[in-house]
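The values are calculated or read from the model by the stated rules, or taken from the named source; none is laboratory data. Everything numeric in this text was worked out from a predicted model, so none of it was measured. Every residue, glycine among them, receives a Cβ derived from its backbone with ideal geometry; neighbour counts consider all protein chains shown. Side chains included, ligands, DNA and RNA excluded: accessible areas come from the protein's heavy atoms. Shrake-Rupley method; radii C 1.70, N 1.55, O 1.52, S 1.80 Å.
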Amino acid sequence: MIIIGEKINGFIPAARKAIEERDESYIRSLAIEQTECGADYLDVCAGTSPELERETMEWLIDLAQDSSDTPICIDSSDINLIIDLIPRAKRPGIVNSVSGEGNKCDILFPKIADTEWKIIALTCDEKNGIPNDPDIKYEIAKDLIEKARSYNIGLDRMFIDPLVTSVATTSDALLSFNAAVRKIKKAYPEVRITSGLSNISYGMPLRGIINRQFLALAMSAGMDSAIMDPTSSDMRATLYATDILLENDRGCKRFLKAYRKGLIGSKKK
Ligand code: THG
């Protein structure tokens, strides 16, 4: 599993406060803690008004990179801002995100074709909005992947996010998501599948348990990345346990190591 740590995000109240107060030590602690907990990338999202987004992203990216060697995942709906921020990164990371909307792909893909940057592509477009139908999710994914291919972007650099919706409003949200994951993985085995874990439980009580079961069930369908809170011991335990059951952790090595280090099963968090 490729873990994208979600915590440097101005939509989270504590991070928003730190951003407003320019509290460097809090943002640094988010970068360090998520790295220690196994994040492969650090998502960086300003969560501000568009006028403040550029300056905020620059501040967050500089701090994240000064505090850890973990590559960043630049999270913004403004593709031109993302492109401007790429040279600020010390090492190649992930662009989060493009979609079938507008000409985002045609703007981004030529700019990063010759780099090692990876891309998260969302299965939504103007015609379908955010579809629940797995066949439509697949068709949009296929167009995005073929477009990347046409720009000579290796498919191993593509992360498809099949945009899970909330089970509170869409009873088959998980089943549709998993059907799309299976179809995409069957046609394009090198492509990775990622997702935010919390969309599934929007509007429900006990969100944590729903999010964790979503992680396990989506992994069993082939999801191989998640935008998640790696500092949550419960979430990590679910991830490592699921990897044992799916034979992704031979000899249970990673699970046992995490257990011995107190990274899972401890009462800390
Ligand atoms: N897909 C893509 N990018 C995304 C999302 C997605 N970026 C933003 C978002 N969704 C993922 N990021 C977050 C960040 C924080 C929270 C949810 C999604 C959040 N955090 C709580 C906190 O930190 O207080 C709770 C964390 C927990 O208990 O697990 O709510 O879908 N491509």
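Couple of notes before you dig in:
- Filtering segment 203-240 to residues that are assigned to a helix (DSSP H, G or I) and β-branched (Val, Ile, Thr) leaves ILE209, ILE210, THR238.
- Qualifying positions in segment 1-42 - of a type in the set (A, V, I, L, M, F, W, C), within 13 Å of the ligand (Cβ to nearest atom) and either in a strand (DSSP E or B) or surrounded by 15 or more Cβ atoms within 10 Å (Cβ to Cβ) (or both): ILE2, ILE3, ILE4, ILE8, ILE12, ALA15, ALA18, LEU30, CYS37, ALA39, LEU42
- Tally, over segment 241-254, of residues that are open to solvent by less than 60 Å² (accessible area, probe 1.4 Å) and either under 15 Å from CYS37 (Cβ atoms) or of a type in the set (Ser, Thr, Tyr) (or both): 1
So that you can scan it fast, the table gives a plain yes or no per residue for (1) among the polar types (S, T, N, Q); (2) in contact with a helix residue (DSSP H, G or I) (Cβ under 9 Å, 6 or more places away or on another chain); (3) touching a residue at least 12 places away in the same chain (Cβ under 8 Å):
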{"position": "ARG192", "(1), (2), (3)": "no, yes, yes"}
{"position": "SER198", "(1), (2), (3)": "yes, yes, yes"}
{"position": "TYR202", "(1), (2), (3)": "no, no, yes"}
{"position": "LEU217", "(1), (2), (3)": "no, yes, yes"}
{"position": "ALA221", "(1), (2), (3)": "no, yes, yes"}
{"position": "MET228", "(1), (2), (3)": "no, yes, yes"}
{"position": "MET235", "(1), (2), (3)": "no, yes, yes"}
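- Cross-chain or 6+ apart pairs with Cβ under 6 Å, segment 92-115 first and among the hydroxyl-bearing types (Ser, Thr, Tyr), then assigned to a strand (DSSP E or B): SER97/ILE120; SER97/LEU122; SER99/LEU122
- Within segment 71-84, the set of residues being farther than 18 Å from CYS105 by Cβ and in contact with an Asp or Glu (Cβ under 7 Å, 6 or more places away or on another chain) is empty.
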